[in-house]
Amino acid sequence: MTEPQPKKTETTCGCKLGRVAAKYDLADLDETLVGDWTGDGDERRSTRELATYVNQQILKIALTNADIPPKEGEIENMYRLLTSDDVTSGTRIEIRNELERDGVPIEAVESDFVSHQTVYNHLTKCLEASIETPNDEERLERSEEKLGALKNRTAAVTTDTVEQLDRKGILEIGKFNVNVSVTVTCEDCFREYTVRDLLDQRACNCQEPGSAEI
Ligand SMILES: [Zn+2]
Ligand SMILES: [Zn+2]
């Protein structure tokens, strides 16, 4: 807020999203964000979906600027490889190296990626947009996030504890990995779900006649 920003046209605010929008020349972004966030029913997109949208635009422009305009569908896949929890670090390193080789400043691009919190702040503070109540999707996302943070914290504390005991010679272990998994069991049918699956599926199989797929 105190450091002077090089003024480009159409900067609506000084927040990260405003700066990134100006830097990548994302025209009409604010309109899209407000429209999609406050839109009706199915049209409505959550701040997380909007952050993904913004970041994919950033990636697309970065590739275009490096003279490798992406093909249809390529951006979604590339973005997933760069950000998803389900992608191994090896794959991620590979794709980052590839982009780097092709002249995409991937580190700078990634640091321009915005979080859903940034999108939320930009919408509510800079643009003063509001929606009355969070939709189901947003409630689920917030819950998922809360539980994810708790899981990460459990894993971090466990790692620390084992490392400490190992250092003191109280226990012995080689290189190790901590994996936290939380499951929820439906007492009506005794099916067990990971929290993530349950949040994705949103109902136990026994509660929803007709939907058999997991
Ligand atoms: Zn802003
Ligand atoms: Zn059940």
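The values are calculated or read from the model by the stated rules, or taken from the named source; none is laboratory data. For clarity, every value in this text was computed on a predicted model and none was experimentally measured. No Cβ is skipped: glycine too gets one built from the backbone with ideal geometry, and neighbour counts run over all protein chains shown.
Things worth noting here:
- Of the residues making up the range 123-136, one or more are within 16 Å of ligand 1 (Cβ to nearest atom), under 23 Å from the mean Cα position of the chain (by Cα) and under 30 Å from Asn77 (Cβ atoms).
- Scope the range 154-182; condition under 30 Å from Cys206 (Cβ atoms) and either outside the structural domain of Glu144 (by TED's automatic domain parsing) or surrounded by 12 or more Cβ atoms within 10 Å (Cβ to Cβ) (or both); matching residues: Thr154, Val180, Val182
- Filter pass, Gly90 being on the phi > 0 side of the Ramachandran plot and free of Cβ contacts under 8 Å to residues at least 12 places away in the same chain: no
- Being basic (Lys, Arg) and within 26 Å of Thr47 (Cα to Cα) is a condition met by at least one residue of the range 147-168.
- Residue among Ser115, Ser143, Ser111 that alone is among the small types (Gly, Ala, Ser), within 16 Å of ligand 1 (Cβ to nearest atom) and under 20 Å from the mean Cα position of the chain (by Cα): Ser115
- Residues satisfying the stated conditions in the range 105-152, i.e. of a type in the set (S, T, N, Q) and either in a loop (DSSP other than H, G, I, E, B) or not assigned by TED's automatic domain parsing to the domain that holds Lys60 (or both): Ser115, Ser130, Thr133, Asn135, Ser143, Asn152
- The range 153-203: number of residues that are part of a loop (DSSP other than H, G, I, E, B) and within 16 Å of ligand 2 (Cβ to nearest atom): 8
- Residue check for Thr185: modelled with pLDDT under 95 and either within 20 Å of the chain's Cα centre (by Cα) or more than 16 Å from ligand 1 (Cβ to nearest atom) (or both): no
- Of the criteria (1) touching a residue at least 60 places away in the same chain (Cβ under 8 Å); (2) surrounded by 14 or more Cβ atoms within 10 Å (Cβ to Cβ), which one Arg142 fails: (1)
- Note on the range 1-51: among residues that are in contact with a Phe, Trp or Tyr (Cβ under 7 Å, 6 or more places away or on another chain) and modelled with pLDDT of 90 or more, the one that is surrounded by the fewest Cβ atoms within 10 Å (Cβ to Cβ) is Leu50.
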